[in-house]
Amino acid sequence: MLRNHFSDLALRPKIYDNVDGTAELSMGLMVLAFAVIALLDPVFGKLKFLPAGLAGLLIPMYGTLLLFMGIGALLRKAIKNHITYPRTGYAANLTLRRWGRKTWWLAVLVTAGSGVIATAVALAAGLPQKHHETIWIRFVMIPLFVAPYAFFTSRLSPEHGWKNYLAAAMAAGLLLIALLAPGGIVELSRPVLLFSAMTWLASAVVTLVIYIRNTERPVPGEE
Amino acid sequence: MNQQIRRLSELDRVIHEPGRLIILTLLSAVEECDFRYLLHETEMNKGTLSGHLSRLEEAGHVKIEKTFRGKFPHTLLRLTEDGRVAFADYRKKLKQSL
């Protein structure tokens, strides 16, 4: 009980980090980057200046990811500096600051490693040629995309109960897509990723609007 | 007096005050923050918060840095190393006593 009380208070800075929805915005933009990669995949294949083979696949993928992550970082900085810090104050999250560089490199390594493994598995199984698919994979996508959102918002946005309904709406939308979308997994991944990204981004925008409505514009010079 | 109860009397009295305990717990989870952040999170008034911070600064638990953001004053706050050790020690003793 005592430990929980301290832990709850110690979690406040992490919750505060997403008080303006910027953490959800970053997540939404990352999922959107994957959606754009999936949507533009046929276009990337036709670009003559890209090298053939795996490099031609990875360069546009990482390029798009970096672009969206850059946009996310800039938007986050702008919101924090111009809206959040003047209204409710500045706090540098200890974990993010202390482990920031290490976490960044770990994320890069995990992304690169999982990409290499997934590519190797796909090539070994001959997936590009076979296009085989089982029906259960369509439905596995629902918890795969809803669970991170539900977990993230329940932990870092506990004051916004409406996000539970949004998670339910996300699950219902993904179920509809799984039932109705034609084609194989590749074709299915496009609407799934786009819909998930839109849910994250909508959640971020509504959180920011609620934050602005519930906080006062700062008086210049007042601490 | 048994050892468990005696530990309660050994608690740091500067920290063992609800307002200051909330401040220290919040500060222990951040690298640094400003006065406005603590006002928002603790919902104390400015006078009460200033009083607690002065007391914590006197005890060497908190470092207060007065800076400027543009033309306006901006107060940055952080836990000192001694403050982190004292807070960890306080938590340990309180846990052992209860």
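The values are calculated or read from the model by the stated rules, or taken from the named source; none is laboratory data. In this text, all values refer to a predicted model and were calculated from it rather than measured experimentally. Cβ: placed from backbone, ideal geometry, glycine included. Neighbour counts: every protein chain shown.
Is there a residue being modelled with pLDDT under 90 and within 20 Å of the chain's Cα centre (by Cα) anywhere in region A:63-83? Looking for residues that are modelled with pLDDT under 90 and within 20 Å of the chain's Cα centre (by Cα), one finds at least one in region A:63-83, hence yes.
Regarding B:L77, is this residue outside any helix (DSSP H, G or I), within 27 Å of A:D20 (Cβ to Cβ) and at pLDDT 95 or above? Considered against the rule, which asks whether it is outside any helix (DSSP H, G or I), within 27 Å of A:D20 (Cβ to Cβ) and at pLDDT 95 or above, B:L77 comes out as yes. If you go through region B:1-54 and pick out every residue that is part of a strand (DSSP E or B) and among the polar types (S, T, N, Q), you end up with 0.
Determine whether B:E41 is under 22 Å from A:T215 (Cα atoms), surrounded by 14 or more Cβ atoms within 10 Å (Cβ to Cβ) and at pLDDT below 95. Criteria met by B:E41. Taken together, B:L49, B:L94 contain a single residue that is within 11 Å of chain A (Cβ to nearest Cβ), modelled with pLDDT of 95 or more and surrounded by 17 or more Cβ atoms within 10 Å (Cβ to Cβ), which is B:L49.
When restricted to residues that are hydroxyl-bearing (S, T, Y) and modelled with pLDDT of 95 or more, region A:205-223 contains 2. When the residues of region A:207-219 are filtered to those that are surrounded by 12 or more Cβ atoms within 10 Å (Cβ to Cβ) and within 14 Å of another protein chain (Cβ to nearest Cβ), which remaining residue is nearest to the chain's Cα centre (by Cα)? Restricting to residues being surrounded by 12 or more Cβ atoms within 10 Å (Cβ to Cβ) and within 14 Å of another protein chain (Cβ to nearest Cβ), the top hit is A:Y211.
In region A:66-75, the count of residues that are crowded, with 18+ Cβ neighbours inside 10 Å and either free of Cβ contacts under 8 Å to residues at least 40 places away in the same chain or away from every other protein chain (no Cβ under 12 Å) (or both) is one or more.
Residues checked against (1) in contact (Cβ under 8 Å) with a residue 60 or more places away in the chain; (2) under 15 Å from the mean Cα position of the chain (by Cα); (3) part of a loop (DSSP other than H, G, I, E, B):
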position	(1), (2), (3)
A:T153	yes, yes, no
A:H160	no, no, yes
A:A169	no, no, no
A:A172	no, no, no
A:G183	no, no, yes
A:E187	no, no, no
A:V192	no, yes, no
A:V205	yes, yes, no
A:G221	no, no, yes
